[in-house]
Amino acid sequence: RMLSLCETLSLPFVAQGYAVASQEAAEKETAYSDFLEGLLRTEAAGRQVRKQTMLTRLAGFPAIKTLDDFDYQFAAGVKKSQIDELAGLGFVERHENVVLVGPSGVGKTHLATALGYAACQRGHSVLFASAVDIVNTLIAAQLAGHLKRDLRRSLRPRILIIDELGYLPIDKAGADLLFQIISQRY
């Protein structure tokens with residue numbers, strides 16, 4: 001009966017943990033309200049993990065990177081205090097842009113990915129793409145007649161990470177499309 005009700009109410013994590021939790025509650029003579037609270041906490045935690053996993057998958061990161069893995073000694077010009085400030089994600093709440101500038105190979109992509117991953121873990125939607133991939137997608141959408149739809153896709157996530165901007169040349173039409181995305185975000 002419980003499994004059927006959990007399925008009807010879309011409570012997969014309660015269904016998964018009910019048998020063990022009810023056995024423990026009976027052995028410990030747990031109050032009904034504590035037992036129910038425990039089941040609901042299990043459901044909430046399971047949903048949070050599922051949401052984080054989905055947001056991370058949809059973000060399109062080339063690899064999962066964290067700030068703990070970043071080598072500050074290798075990237076001598078990067079101030080850990082500034083990165084720690086960014087890791088608080090206050091820039092997201094303030095609707096501010098973050099631009100990481102530096103020569104190739106110093107860890108800009110690692111930092112951008114790590115900040116994006118941290119944002120996913122806190123429930124924010126993220127889209128990670130190279131500038132060339134965005135431009136190519138928008139040009140193809142323009143040719144197919146669904147540019148507005150694809151522009152909305154780039155505008156929808158809370159955080160848009162544009163990697164490799166300036167790494168490869170972009171023609172005027174591509175630059176105009178990329179500008180539309182950047183200018184319309186806020």
crowded, with 16+ Cβ neighbours inside 10 Å, outside any helix (DSSP H, G or I) and out of contact with any strand residue (DSSP E or B) (no Cβ under 9 Å at 6 or more places or on another chain): which single residue out of Val106, Val99 fits that description? Val106
Residues being modelled with pLDDT under 90 and either of a type in the set (Lys, Arg) or open to solvent by less than 60 Å² (accessible area, probe 1.4 Å) (or both) - total across the stretch 148-169: 9
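Report whether or not Val126 is of a type in the set (Val, Ile, Thr), more than 13 Å from Thr66 (Cα to Cα) and in contact (Cβ under 8 Å) with a residue 12 or more places away in the chain.
yes
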Pairs where the first residue, in the stretch 51-66, is more than 19 Å from Leu86 (Cβ to Cβ) and the second is in a loop (DSSP other than H, G, I, E, B) and of a type in the set (Gly, Ala, Ser), C-beta under 9 Å, 6+ apart: Lys51/Gly123; Gln52/Gly123; Leu58/Ser125
Within the stretch 158-184, restricting to residues that are free of Cβ contacts under 8 Å to residues at least 60 places away in the same chain and in a loop (DSSP other than H, G, I, E, B), the one that is farthest from the chain's Cα centre (by Cα) is Asp171
Looking at (1) buried (at least 19 other Cβ atoms within 10 Å of the Cβ); (2) out of contact with any strand residue (DSSP E or B) (no Cβ under 7 Å at 6 or more places or on another chain); (3) within 28 Å of Gln82 (Cβ to Cβ); (4) among the hydrophobic types (A, V, I, L, M, F, W, C), which one does Leu138 not meet, given that it meets all the others? (3)
Answer yes or no: is there a residue in the stretch 118-130 that is over 25 Å from Met54 (Cα atoms) and open to solvent by less than 90 Å² (accessible area, probe 1.4 Å). no
Looking at the stretch 104-120, I want the residues that are closer than 22 Å to Glu93 by Cα and have a partner that is part of a helix (DSSP H, G or I) and of a type in the set (S, T, N, Q) with Cβ atoms under 8 Å, at least 6 apart or on another chain. Which pairs are those? Tyr117/Thr56; Cys120/Gln52; Cys120/Thr56
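The values are calculated or read from the model by the stated rules, or taken from the named source; none is laboratory data. Only a predicted model underlies this, so the values are computations on that prediction, with no experimental measurement involved. Using ideal geometry, Cβ is built from the backbone for each residue, glycine included, and neighbour counts are taken over all protein chains shown. Calculation scope for accessible area: heavy atoms of the full protein, side chains included, ligands and nucleic acids excluded. Shrake-Rupley method; radii C 1.70, N 1.55, O 1.52, S 1.80 Å.
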